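Take a look at the structure set out below.
None of the figures in this text is laboratory data; all of them are computed from the coordinates on show. The shown structure was predicted, so the numbers you read here are calculated from the model rather than taken from an experiment. Cβ placement follows ideal geometry from the backbone for every residue including glycine, while neighbour counts extend to all protein chains displayed.
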Amino acid sequence: MKFDNYTLTLLHRSPLFRALEPDQFNALVDTAHLYTLNEGELLFRQGDPLTEVFVNIKGFVKLFRLTPNGDEKVVDIIAPGSSFAEAVLFMGGRQFPVHAVALKPATVVGINAAQYEQMLRSSVDLCFSMMGLISRRMHWLLNEVDRLTLHNATFRLVIWLLEMRCNDPACARVVLDVPKHVVASRLSIKPETFSRILKRLSDKHLIAVNDQHIDLLDVVALEEMVRVEI
């Protein structure tokens, strides 16, 4: 399938493809599928056969599981340029362990899982590249476990705000690209608690909430809150 230059650039930058030879990359791209998802449209369901691994090109994709009582627990929010489902393939899984749904209109590239697995088996460099990706994800998950089990909801929200502000050191604004209740679920915070914490931080003049923007008015004080909690 033919992809535009922007899509090809994001694919090239993905850890899934960095160690590929040009002919390997082209072979995967030739058999890849482009999914254009509307807001709320499912890409796959938990338990579906794993036939593809994915790279998000545009929009946001929510990965979630349903609890026994039917509540939704957000596992991850996939931003443009990020890959997902490859860890399941790397571990020998054959079914998706989560649901995937577009939070906003999204464009996703699906890569043939069996074809990619065959390339893994024939390329040491590609395997090491994947091991590096999985190791980074593992360290991230360990940090997530620490946050969820050792720290309170205010800490989790404050550290998220500090991490999500734009890359420029002078920038102190967080853009909410996804609904607040989704962020709350991602942080394992009840929506009403999430709102109360935002209001408390606003009342202390640490942040200012303006529609889809959260301005960090006192970054130093927020960072001190995190250090004290640690």
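What the table shows:
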quantity: Residue list for the range 3-17, filter: closer than 14 Å to SER82 by Cβ and in a loop (DSSP other than H, G, I, E, B); calculated: SER14, PRO15, LEU16, PHE17
quantity: Within the range 55-121, strands (runs of 3 or more DSSP E) holding 2 or more residues that are more than 24 Å from LEU8 (Cα to Cα) and touching a residue at least 12 places away in the same chain (Cβ under 8 Å); calculated: 61-66, 72-78
quantity: Test: residue in the range 27-39 that is hydroxyl-bearing (Ser, Thr, Tyr), in a helix (DSSP H, G or I) and more than 17 Å from the chain's Cα centre (by Cα); calculated: yes
quantity: Qualifying positions in the range 45-84 - farther than 22 Å from ASP177 by Cα, of a type in the set (A, V, I, L, M, F, W, C) and surrounded by 15 or more Cβ atoms within 10 Å (Cβ to Cβ); calculated: LEU50, VAL53
quantity: Any chance LEU20 is closer than 19 Å to MET130 by Cα and among the hydrophobic types (A, V, I, L, M, F, W, C); calculated: yes
